[in-house]
Amino acid sequence: MRAKDRQAAWMLAPYLLGLVALVLAPAAASLGMAFTEYDLIGPAHWVGWANFAELATSVPFRAALVNSLVFAAIAVPLRVAAAVGLALLLHRRAPAATTATTVATLPTAVPEIAYGLLWLWLFNPLYGPVNQLLRWGGEDGRTAFDTAIPAWLTSPDDARAAIIIMSLFTIGEMLVVLLAARRALPREVYELASLEGATGWTLARRVTLPMLAPVIGLLLLRDTILSFQFSFVPALVVTEGGPPPYSTTYLSLYIYRNAFEYLRYGHAAAATLVMLALTAAAVYLQWRIFRRYQRNPLHNGR
């Protein structure tokens, strides 16, 4: 082995060690545990497909599955759209844009527990700022649009909406990536498009968005993977998986409770494999859609 190859191998060794110890080994353990009954106290007992059969008939698991799919279907497009919109507005290098970018990325740097506790205060039905603002201009405890004040912590639909709203403010990483991608686009293309009379929305739709499509697709795939995990802390801290029955119980929270509260590690491992399979299926579907887009980008940009 050449000296350069040995140097590269030594540089990769810590990463490969971490990959095996923190990813591959736990994944293999979870795969084997999914077919056992294990409570961390006694020895594991092989039960075959019993854990998966129980998942198929479990009401809490079905609720968690539906909640997670609905969250991913709504929150992911909204998060990516918000990040794209902010990137298009803030890509110019100006002091005001820099300040606005810092403010937009700040919530992403806040620890998740602190972020959840902050929203628990914001959504408080009595003195929370959100409902206080909604009451402004209304009468008899209703909004200015004569609609009922949302019961963020006690109404199932409002609680699900609250989790989605919380997710829309943690798009700092996507915003930074999209800003870098937007600023890297060649200026000559915009000059040529301007000479052809393209301005405003036409310029964004015909030039900017098609050129950013690979980056947007990558962010969609990444956010879909993370969406099954993001809902864990908000659901645990803000709504505690409720209001009953299981209105904001997501797959991540369901797995956590079965593993660490009920000590049903085999059952939780089976649910983890289901969540992994769903994530892989969603990512594969999005990948196929973007592959089709890349084969004929001009037709899709019309």
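Things to note:
- Thr154 β-branched (Val, Ile, Thr) and closer than 27 Å to Val76 by Cβ: yes
- Residue in the stretch 63-78 that is surrounded by the fewest Cβ atoms within 10 Å (Cβ to Cβ), counting only those that are of a type outside the set (S, T, N, Q) and in contact with a Phe, Trp or Tyr (Cβ under 9 Å, 6 or more places away or on another chain): Ala63
- Arg187 under 23 Å from Ile216 (Cα atoms) and out of contact with any Lys or Arg (no Cβ under 7 Å at 6 or more places or on another chain): yes
- Evaluation of Arg183 against the conditions (1) farther than 30 Å from Trp152 by Cα; (2) surrounded by 14 or more Cβ atoms within 10 Å (Cβ to Cβ); (3) touching a residue at least 40 places away in the same chain (Cβ under 8 Å) shows that the sole unmet condition is (2).
- Residue within the stretch 193-209 that is at positive phi and not in a helix (DSSP H, G or I) present: yes
- Scan of the stretch 30-60 for residues that are among the aliphatic types (A, V, I, L, M), within 13 Å of Val274 (Cα to Cα) and free of Cβ contacts under 8 Å to residues at least 24 places away in the same chain, ordered by number: Ala53, Ala56
- Checking the stated criteria, Ala27 turns out to be touching a helix residue (DSSP H, G or I) at 6+ places or on another chain (Cβ under 9 Å), free of Cβ contacts under 8 Å to residues at least 60 places away in the same chain, under 23 Å from Arg222 (Cα atoms) and part of a helix (DSSP H, G or I).
- Residues in the stretch 194-231 that are of a type in the set (Val, Ile, Thr) and either in contact with a Leu (Cβ under 7 Å, 6 or more places away or on another chain) or free of Cβ contacts under 8 Å to residues at least 40 places away in the same chain (or both): Thr199, Thr202, Val207, Thr208, Val215.
- Output for the stretch 120-147, where each listed residue is closer than 23 Å to Phe71 by Cβ and in contact with a Gly (Cβ under 9 Å, 6 or more places away or on another chain): Leu120, Trp121, Leu122
- Residue in the stretch 148-162 that is out of contact with any Leu (no Cβ under 6 Å at 6 or more places or on another chain), assigned to a loop (DSSP other than H, G, I, E, B), under 14 Å from Pro234 (Cα atoms) and at pLDDT 85 or above present: yes
- Candidates Ala109, Ala64, Ala82, filtered to the one that is among the aliphatic types (A, V, I, L, M), touching a helix residue (DSSP H, G or I) at 6+ places or on another chain (Cβ under 6 Å) and either within 20 Å of Leu220 (Cα to Cα) or in contact (Cβ under 8 Å) with a residue 24 or more places away in the chain (or both): Ala64
- Residue within the stretch 45-57 that is of a type outside the set (A, V, I, L, M, F, W, C), surrounded by 13 or more Cβ atoms within 10 Å (Cβ to Cβ) and over 10 Å from Ala269 (Cα atoms) present: yes
The values are calculated or read from the model by the stated rules, or taken from the named source; none is laboratory data. Predicted model only: the values in this text are computed from it and were never measured. Cβ coordinates were reconstructed from backbone atoms using ideal geometry, including for glycine residues, and neighbour counts include every protein chain displayed.
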